[in-house]
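**Q** Quick one: the structure is below, and I'll ask about it shortly.
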Amino acid sequence: MNAGLRAILGGAKRRKELVMLEQPQKSDTPPEKPTGGLTSAGPIIALLVIACGIGLMFAARYYKTQNPPSVAGAEQNVSKQQPTADKPVAKKEPQVTIGGPFSLTDHEGRSVTEKTYAGQYLLVFFGYTFCPDVCPTTLTTLSDALDILGDAGNNVTPLFISVDPERDTTEHLKTYVSYFHPRIVALTGTDAQIKAVAKAYRVYYAKAKAPPEDQDDYLVDHSSITYLMGPDGQFIEHFSHGVEAEEIAERLLKHL
């Protein structure tokens, strides 16, 4: 190798060594974690939290000892929360008033009121003598029931109240009731009197339209219930149209 080549190689070697000296050296030792700050204060913060918790616990106990709950207040709260099993709430049954004072005329022409029949059991039925079916059927059934009762029914008086006072005069009523049981009493009155007693017994009636050729030949729509009233004038029960005489007599005996 000549001197020129050695000089070139030597210069390159020295430049390489200078480059390596200028580069930073890597260390195998990991960098240390910073210390101090919040990490060093951790134990102190934990002690403060524990101390605060203990203080709050003692404060709560002290408050309870100084302010005990009253027995009356506790019992009142219990009574509000628990329903009283030994005191059931009574349900009020709806009261329907049936019956009341009236002033009418019987089939003998005598003026009568509700006081005329005080102390008697009354079978009150509204109808009219020109009724084609319901009225004669009901009066026949009531007559049969009285026959079944015999002497046990001596304190029972059926009242047949006309809803057609225009045609049901006292003379006509007297003839009509003679076909049924002798204890049946027929009653009539003025239009105002009939309206008042019908309202008291909650009875419906309405005059139907008469045919043009005969204005007196009309029907009257009306309720077909028979009311049983007690000796004190109070409503006891009712009998619907179609109930047999045997059942009426049996139910009457329970009250006599």
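A short reminder: the numbers here are calculations on the coordinates, not readings from a lab. Given the structure is predicted, the values throughout are model-derived calculations rather than measurements. A quick note on method: Cβ atoms are made from the backbone with ideal geometry, for glycine too, and the neighbour counts reach across all protein chains shown.
**Q** Which one of Ser240, Ser162 is among the hydroxyl-bearing types (Ser, Thr, Tyr) and buried (at least 17 other Cβ atoms within 10 Å of the Cβ)? Before you say what the answer is, go through the steps one by one.
**A** Numbers: Ser240 fails: buried (at least 17 other Cβ atoms within 10 Å of the Cβ).
Of the residues listed, the single one that is among the hydroxyl-bearing types (Ser, Thr, Tyr) and buried (at least 17 other Cβ atoms within 10 Å of the Cβ) is Ser162.
**Q** While we're looking at this one, here's another question. Condition (residue is surrounded by 20 or more Cβ atoms within 10 Å (Cβ to Cβ), among the polar types (S, T, N, Q) and under 40 Å from the mean Cα position of the chain (by Cα)) applied to region 180-191: is it met by at least one residue?
**A** no
**Q** Ok, one more. Can you give me the number of residues within region 206-234 that are outside any loop (DSSP other than H, G, I, E, B) and surrounded by fewer than 17 Cβ atoms within 10 Å (Cβ to Cβ)?
**A** Number satisfying all stated conditions: 3.
**Q** If we keep just the residues of region 158-170 that are part of a loop (DSSP other than H, G, I, E, B) and not acidic (Asp, Glu), which is nearest to Val124 (Cα to Cα)?
**A** Ranking the candidates gives Val163 first.
**Q** Checking Leu173 against (1) crowded, with 17+ Cβ neighbours inside 10 Å; (2) touching a Gly at 6+ places or on another chain (Cβ under 8 Å); (3) outside any strand (DSSP E or B), which test does it fail?
**A** Exception for Leu173: condition (2).
**Q** Could you check how many residues of region 98-154 are of a type in the set (Lys, Arg) and within 39 Å of the chain's Cα centre (by Cα)? Give the steps one after another, and end with the answer.
**A** Start the filter on region 98-154 by keeping residues that are of a type in the set (Lys, Arg), which leaves 110, 115.
Then keep just the ones that are within 39 Å of the chain's Cα centre (by Cα); that gives 115.
Qualifying residue count, region 98-154: 1.
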